[in-house]
Amino acid sequence: MANKRKKFVIDREHALFLLKEMLRIRRLEEKCVELYTASKIRGFVHLYIGEEAVAVGAMQALEPEDNIVATYREHGHALARGVSANAIMAEMYGKAEGCSRGRGGSMHLFDAATRFYGGNAIVGGGMPLAVGLALADKLAGRQRVTACFFGEGAVAEGEFHESMNLAALWKLPVLFCCENNLYAMGTALSRSESETDICLKAAAFEIPAWPVDGMDVIAVEDATRHAATAVRAGGGPHFVEYRTYRFRAHSMYDPELYRDKQEVEEWKKRDPMPNLIARMKAQNIWQEEDWPRLEAEVAREIDASVEFAEAGRWEPVEDLTKFVYSEPPPVSSPATGGE
């Protein structure tokens, strides 16, 4: 099923919100590059620049009680979900105030309050977790949707097929969100898959599936809302393929020898932010002062997040083994009302 729903007139305030959310992700990650170069951030960093429309658009279609499972390229998803820039930046620094207490870093952002369950470093590793979350919700009779984000490279993994099969077999409330940016690390989709139509792979499990332009934040929101509504209504798992592109290398260590620079430049013409602005101009809802205002607001937020991370605490060495095993519950005494 192709995403052929009509293009509707967009509301100015909502469009500005979407634009600001994408800009927040873009500027946060650009700042991370700067800090990584200065050795303030260590380890692996995988940038989401170019793909912002997917996370921002999809999150608008999900409810606060829904579950989110993401990949190692998850800074944008976490920020769009509601994890604060402060908590994300502190985690990037490895500080105790980070959303994962400084223990996860770039690839392992986690926030129980927003039901954001990673941040998973293994390709496809979040898919079985999503199936488990959805199974728990179904058994408990909860009307939650579990949105599971993954790249097209995950379709080559065994857990993709196992997860899709179980979700379909048990009619679980999972929304499979495939971010197809054409390259699994440095391997082009056409060099790794005999069938490059990702939606056909979902259809093999009798899961309704359709593609959408992942560079169009409005189309992403529309397609995701359509799928999430069907899942929430008891329609079983659904699958959306977001056709998108990352403008930066796979990771900070990637020499990017596998794709032509001209190809990247061609995709940059479809940058989701200028394209949304062009659409707003076409509908006469854009004001020239909007952009500098949004830039200033976002700059203040990102600068504050860096200050927060810089002022954060390093976890003491004596806590190194903390959380290796679950922490025992506190023992109550009769004096405090315990039994």
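Return the total of residues in region 98-143 being in contact with a Lys or Arg (Cβ under 7 Å, 6 or more places away or on another chain), modelled with pLDDT of 95 or more and not aromatic (Phe, Trp, Tyr).
Counting residues in region 98-143 that are in contact with a Lys or Arg (Cβ under 7 Å, 6 or more places away or on another chain), modelled with pLDDT of 95 or more and not aromatic (Phe, Trp, Tyr) gives 2.
Tell me which residues, restricted to region 138-155, are within 24 Å of GLY236 (Cβ to Cβ) and in a helix (DSSP H, G or I).
Step one: of region 138-155, the residues within 24 Å of GLY236 (Cβ to Cβ) are 138-152, 154-155.
Scanning region 138-155 gives LYS138, LEU139, ALA140, GLU152, ALA154, VAL155.
Between ARG225, ARG270, ARG248, which is among the charged types (D, E, K, R), in a loop (DSSP other than H, G, I, E, B), surrounded by 15 or more Cβ atoms within 10 Å (Cβ to Cβ) and at pLDDT 95 or above?
Details: ARG225 fails: in a loop (DSSP other than H, G, I, E, B); ARG248 fails: at pLDDT 95 or above.
Selected residue: ARG270, the only one of ARG225, ARG270, ARG248 that is among the charged types (D, E, K, R), in a loop (DSSP other than H, G, I, E, B), surrounded by 15 or more Cβ atoms within 10 Å (Cβ to Cβ) and at pLDDT 95 or above.
If a residue must be surrounded by 10 or more Cβ atoms within 10 Å (Cβ to Cβ) and small (Gly, Ala, Ser), how many such residues does region 311-329 contain?
Counting residues in region 311-329 that are surrounded by 10 or more Cβ atoms within 10 Å (Cβ to Cβ) and small (Gly, Ala, Ser) gives 2.
Of all residues in region 288-310, how many are open to solvent by 80 Å² or more (accessible area, probe 1.4 Å) and either of a type in the set (A, V, I, L, M) or in a loop (DSSP other than H, G, I, E, B) (or both)?
So the answer is 2.
Answer yes if at least one residue in region 73-92 is at pLDDT 95 or above and at positive phi, and no otherwise.
Within region 73-92 (the criterion being at pLDDT 95 or above and at positive phi), the answer is yes, since at least one residue qualifies.
A quick yes/no check of all residues on (1) among the basic types (Lys, Arg); (2) more than 19 Å from HIS46 (Cβ to Cβ); (3) in contact (Cβ under 8 Å) with a residue 12 or more places away in the chain:
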| site | (1), (2), (3) |
| --- | --- |
| SER194 | no, yes, no |
| ASP197 | no, yes, no |
| ASP213 | no, yes, yes |
| VAL231 | no, yes, yes |
| ARG246 | yes, no, yes |
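Just checking, does region 115-122 include any residue being within 12 Å of the chain's Cα centre (by Cα), among the basic types (Lys, Arg) and farther than 22 Å from MET252 by Cβ? Give the steps one after another, and end with the answer.
Restricting attention to region 115-122, the residues satisfying the condition of being within 12 Å of the chain's Cα centre (by Cα) are 116-120.
Narrowing the set further to residues that are among the basic types (Lys, Arg) leaves none.
No: region 115-122 contains no residue that is within 12 Å of the chain's Cα centre (by Cα), among the basic types (Lys, Arg) and farther than 22 Å from MET252 by Cβ.
Going through region 134-164 one residue at a time, which ones are over 17 Å from the mean Cα position of the chain (by Cα) and hydrophobic (A, V, I, L, M, F, W, C)?
ALA134, LEU135, ALA136, LEU139, ALA140, VAL155, ALA156, PHE160, MET164, listed by residue number.
The values are calculated or read from the model by the stated rules, or taken from the named source; none is laboratory data. Given the structure is predicted, the values throughout are model-derived calculations rather than measurements. All Cβ positions, glycine included, derive from the backbone under ideal geometry; neighbour counts span all protein chains shown. SASA here: full protein model, heavy atoms, side chains in, ligands and nucleic acids out. Shrake-Rupley method; radii C 1.70, N 1.55, O 1.52, S 1.80 Å.
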